[in-house]
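Before any comments, here is the structure.
The values are calculated or read from the model by the stated rules, or taken from the named source; none is laboratory data. All values reported here derive from a predicted model rather than from experimental measurement. Positions of Cβ are backbone-derived with ideal geometry, glycine not excepted, and every protein chain shown enters the neighbour counts. Heavy atoms of the whole protein, side chains included, go into the accessibility calculation; ligands, DNA and RNA do not. Shrake-Rupley method; radii C 1.70, N 1.55, O 1.52, S 1.80 Å.
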Amino acid sequence: MAAGLLAPCLLAYALTRPGPRRLVLPAGALLLGIAATTLSTALNFGPEHALTWWTPPVLPAIGVVAVVAVGLTWLPARASAAVALLVISFGVALVNIAPGDAYYAASLQSWEQGRFIRFHGLSQWIGWLWPWATLAYLLGRVAARDE
């Protein structure tokens, strides 16, 4: 979870100049991540289960990311891109060795079949493609000459 939250922060750092304005980026990433995860859980399992994803490891992961993200605020954009490459690669590796989703069958049964296929298909493609597209972009940023 920490890698998944730190990656967008570092991507934003790679796109912005170092400075105090970067301090709001981790907060925005955190709020957007919480909102997206809550909405996804509510759509999959019903509104009464919207916050069931908030488990004991969540708060320490958020704390670690907050400390690391604030610590990396003054990192140059190119270095932020390089660190983001490492974090995203680590996150992709962890996802690929993780066991299957235990709740997939339950969500498949509760969704109307056509609606599930369209929504899940789109989110699955986005989930598969965004890390690779981001890695390609960040490699270009790291390899580019400084202006």
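Can you work out the accessible area per residue across the range 1-74, with the rest of the protein chains kept in place, probe 1.4 Å, in square angstrom? If you can, show how the numbers build up before the last one.
Working: 4270 Å² over 74 residues.
Roughly 58 Å² per residue, with all protein chains present.
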Taking 0.36 nm per residue of separation and subtracting the Cα-Cα distance, what length does fully extending Ala98 through Val58 add? 12.7 nm
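Based on the mean of other Cβ atoms within 10 Å per residue, sort peptides 86-93, 32-39 so the most packed one is first.
Details: 86-93: 16.5, 32-39: 13.4.
Result, highest mean Cβ count within 10 Å first: 86-93, 32-39.
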Spelling out what I want: for every residue of the range 19-34, take phi, set θ = phi - 60°, compute 6.51 cos²θ - 1.76 cosθ + 1.60 (Karplus), and round to whole Hz; glycine and proline get x. x, x, 5, 5, 5, 7, 5, x, 5, x, 5, 5, 5, 5, x, 5
Beyond 16 Å, what share of the Cα-Cα pairs of the range 13-66 remains, rounded to the nearest whole percent? 54
